[in-house]
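Taking it in order: structure first as structure tokens, then the write-up.
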Amino acid sequence: MNTSNRVLVIRSIDKVTEFLTGIRRTGATIGFVPTMGALHEGHLSIIRQAREETDFVAVSIFVNPVQFNNKKDLEKYPRNLDLDLALLTLTRCDLVFIPDEQEMYPDNKHLKEQLDFDGLDQVLEGKYRPGHFFGVVAVLRKLFSIIQPTHAYFGQKDYQQFLVVKRLIQAEAFSIQLVMHPIIRETDGLAMSSRNALLTPEMRQKAPMIYQILQILRDKAGNTEVKEMKMWVRKCFIGLPRIKLEYVAIVDAETLKPIRNWSDSKRPMVCIAAYFGKVRLIDNVFLFS
Ligand code: PAF
């Protein structure tokens, strides 16, 4: 739908609301891709899917302070707005909404409401990054209400986030079709992430080991005991200087509950979080697929 050369940038809620009301009146479908900027091919691939499936594509860029449990992590989160805008123009994104903190959180009222996610937000990332999903839900609830998209796109890399967003959409009866985009990887297998830019050259070289491990687990799944697989992963990380496994979890992909035996889940998946130097990386694969 974008006929001009440059992506349309809107920073205020009033203006974006007014603009999108006009778009909605035409009966157009709106595909929404929320981001925190520092865009890479993983984001662009999601945007291209939205471009193919919907009439109007809106992206948001907002480094949401509320979802960072670690102040340093927030400070060093990569930011590159000029490059982001150039990339959004290239992918023919129609609109980018770039609110600031004052625009998004003028009072902290909306932050007080907490939804019950049945424990889904307390495990894995939720356990190691307390408050993370509270912040994700707070910002997405607001962004969904402002953009009112027909479709919202999320990457599989943050699979737990995808499940939490699914619950949010159900709980708040948002009329949004949720779409998951597969993980986009570098040629050496490293899952694309804005955080990869923060890796030292040495750690960047080591980081693909996560996906190498995940692939071996995918091959072993069903034939090797669940417990044994997890022990093997822990061993892979022992003695590696400045590399630390935070968790390896083999869980049911619907509930994220850990499984003990392969018969416990029809759709198991393995999730890993690890530090490479100071950079925390996550990745996952579905097993039996
Ligand atoms: O996945 C992300 O980049 C963020 O968690 C999101 C969905 C943009 C919310 O801030």
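Pull out a ≥ b ≥ c, the square roots of the eigenvalues of the alpha-carbon gyration tensor of the range 179-240, then state rounded if a/c is under 1.5, prolate if not and a/b is larger than b/c, and oblate in the remaining case. Oblate, since a/c reaches 1.5 and b/c is not below a/b. Straight Cα distances below 19 angstrom link LYS266 to the aspartates and glutamates ASP219, GLU225, ASP252, GLU254, with same-chain residues fewer than 8 positions distant left out. The peptide list 269-280, 63-74, put in order of mean Cβ contacts within 10 Å with the highest first, becomes 269-280, 63-74. Axis of helix 81-90 versus longest Cα principal axis of the chain: the two differ by about 80°, to the nearest ten degrees. A straight line joining the Cα centroids of the range 243-289 and the range 214-235 runs 11 Å. The packing ranking of peptides 7-14, 134-141, 233-240, highest mean first, is 134-141, 7-14, 233-240, where packing means the average number of other beta carbon atoms within 10 angstrom of each residue. Would you mind getting me the FRET efficiency between ASN5 and LYS244? Use the beta-carbon distance for r and R0 = 45 Å, nearest 0.05. Approximately 0.45, to the nearest 0.05.
For PHE62, the amide hydrogen comes within under 5 Å of the amide hydrogens of THR35, MET36, GLY37, counting only partners 5 or more places away or on other chains and with H modelled in the peptide plane. 3J(HN,Hα) along the range 124-134, derived from phi through the Karplus expression 6.51 cos²θ - 1.76 cosθ + 1.60 where θ = phi - 60°, amounts to 6, 4, x, 6, 8, 10, x, x, 4, 6, 4 Hz, with x in place of Gly and Pro.
Model label sites at LYS72 and LYS127, defined 7 Å from Cα along the beta-carbon direction, differ in position by 2.4 nm.
Can you work out the FRET efficiency for the pair LYS227 and LEU115, with r the C-beta to C-beta distance and R0 = 30 Å, to the nearest 0.05? It comes to 0.35. With all protein chains in place and a 1.4 Å probe, the accessible surface of the range 101-150 carries 48 percent carbon and sulfur. Taking amide H as placed 1.01 Å from N in the peptide plane, the amide H of GLU246 sits under 5 Å from that of ALA273, ALA274, TYR275, each at least 5 places away or on another chain. Highest mean packing comes first when the peptides 184-191, 35-42 are listed by Cβ atoms within 10 Å, giving 35-42, 184-191.
A Förster radius of 41 Å, combined with the Cβ-Cβ distance separating GLU172 from LEU81, puts the computed FRET efficiency at roughly 0.85.
What does the C-alpha gyration tensor say about the overall shape of the range 162-289? Classify as rounded when a/c is under 1.5, otherwise prolate if a/b is larger than b/c, or oblate. Here the range 162-289 falls in the oblate category. Axis of helix 209-220 versus longest Cα principal axis of the chain: the two differ by about 70°, to the nearest ten degrees.
Residue-wise HN-Hα couplings along the range 96-107, as the Karplus relation 6.51 cos²θ - 1.76 cosθ + 1.60 with θ = phi - 60° gives them from phi, are 10, 9, 10, x, 9, 5, 5, 5, 7, 10, x, 10 Hz; Gly and Pro carry x. Taking Cα atoms only, the orientation of helix 226-237 departs from the longest principal axis of the chain by about 80 degrees.
Across the range 29-43, computed HN-Hα scalar couplings (Karplus, 6.51 cos²θ - 1.76 cosθ + 1.60, θ = phi - 60°) run 7, 10, x, 10, 10, x, 9, 10, x, 6, 5, 9, 4, x, 5 Hz from first to last residue, x flagging Gly and Pro. Given a cut-off of 27 Å, what percent of all Cα-Cα pairs of the chain lie beyond it? I get 42 percent for the Cα pairs in the chain exceeding 27 Å.
The values are calculated or read from the model by the stated rules, or taken from the named source; none is laboratory data. Bear in mind the structure is a predicted one, so any value in this text is a computation, not a measurement. Note that we place each Cβ from the backbone using ideal geometry, even for glycine, and neighbour counts take in every protein chain shown. SASA here: full protein model, heavy atoms, side chains in, ligands and nucleic acids out. Shrake-Rupley method; radii C 1.70, N 1.55, O 1.52, S 1.80 Å.
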